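**Q** Here it is: the structure, laid out below.
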Amino acid sequence: MNSALTLKERTISLINNENSNAKGIDYTRLYEYRFLDIPQSSRNGVWGEIAPWIFRQMGSPNHLLDPAAGRGEFIKAAPAPHRTAIDQVNQQSEGWGEIDFVLGDALNLDLPAKSFDGIFVSNFLEHLATQNEVADFLHRMFQLLSPGGSIAIMGPNFRYCTKEYFDFADHTLPLTHRSVEEHLAAAKFEIVRVIPKFLPFSFKSHTPRSPFLVKNYLRFSPAWKFLGKQFLVIATRPRSVNSQ
């Protein structure tokens, strides 16, 4: 009886130890594999056209935050005078320049309220586990955004990429432009612009990858209806006291 109990306790202890060593997805290795056949220089070149375009749609904010910056393709190419990047994985390389990089979780970091007048969130919300986590994240972004500031959210639109949406290991939550629009409204933002079909689904799509072609794609919005599978939703934090 005692030996059986000891064996059970040892088994439970072993399981607990294994669970304690589990760290979830290794995002560095995941993204290295995902973009194995796409040079980082090509990604930077494409974002060199996309980032300034989105930046202008946001009203050209002075202090811009990217709370899930990844390799920094957007924040490095956005022409804001002051730029801050946050990520839980340090993927800094060349080209970061004067960008303030903070290692950690944007939801828990001790950052001053109303300290940014622009926030860009790209391909992040679909990685969260629940709709409540999305709500918590957007509530935190509302706190960080100054009154009158803008937030732009881009991500795969489940409505238009249902078949390939879960081909990515880190996609857990299906979202559409409508659901993100509702989340923003619930978090007290005012919706400014909703583009249901904006960019193609991914860099692996059969779409233009050169900066020249991307620039022309952005200029010719009718093409978005045929190739676009990601939404872009732009909203603002109201200036009025009652909405704060």
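**Q** Taking the Cα centre of the stretch 148-229 as origin, sum charge times position over the Cβ atoms of Lys and Arg (+1) and Asp and Glu (-1), and report the length of that vector in debye to the nearest 20.
**A** Using only the charged Cβ atoms, the result is roughly 380 debye.
**Q** Listed here are the pairs Lys23/Lys76; Lys163/Lys229; Lys23/Lys229; which of them are more than 21 Å apart at the Cα?
**A** In this structure, Lys23/Lys76; Lys23/Lys229 exceed 21 Å between Cα atoms.
**Q** How big is the shadow of the Cα convex hull of the stretch 24-243, averaged over all directions, in nm²?
**A** Working: hull surface 45.7 nm².
Averaged projected area of the stretch 24-243's Cα convex hull equals 11.4 nm².
**Q** Need the C-alpha centroid separation for the stretch 95-121 versus the stretch 69-90, integer Å.
**A** If we compute the Cα centre of each part, the gap is 8 Å.
**Q** What relative contact order, as a whole-number percentage, does the stretch 24-243 give when Cα pairs under 8 Å and 6 or more residues apart are counted?
**A** 20
**Q** Run through the stretch 83-126 and list the GluC sites (Glu not before Pro) located in a DSSP loop whose Cβ has at most 14 other Cβ atoms within 10 Å.
**A** Loop-located and lightly packed - Glu94, Glu98.
**Q** Another question, if that's okay. Positive end of the dipole of the stretch 24-243, charges at C-beta (+1 Lys, Arg; -1 Asp, Glu), about the Cα centre: which of Ala135, Pro112, Gln91 has its Cα farthest in that direction?
**A** Positive-most Cα among the choices belongs to Ala135.
**Q** Taking θ = phi - 60°, what integer Hz values does the Karplus form 6.51 cos²θ - 1.76 cosθ + 1.60 yield along the stretch 139-152, in sequence order, with x for Gly and Pro?
**A** Once rounded to whole Hz, the list reads 4, 5, 5, 4, 5, 7, 7, 6, x, x, x, 10, 10, 10.
**Q** Under a Cβ-only charge scheme (Lys and Arg +1, Asp and Glu -1), can you give me the dipole magnitude of the stretch 24-243 about the Cα centre, in debye to the nearest 20? Before the final figure, lay out the partial values.
**A** Working: 23 positive and 22 negative charges, 193 e Å.
My answer is approximately 920 debye.
**Q** Looking only at the stretch 129-165, which residues have a backbone nitrogen under 12 Å from a spot 7 Å from the Cα of Asp105 in the C-beta direction?
**A** Only 129, 133, 137 pass the distance filter.
Any read-out appearing in this document is the output of simple, stated calculations on the displayed coordinates, not a laboratory observation. Model, not experiment: these values are computed from the prediction. As a convention, Cβ positions derive from the backbone with ideal geometry for all residues, glycine included, and neighbour counts pool all protein chains shown.
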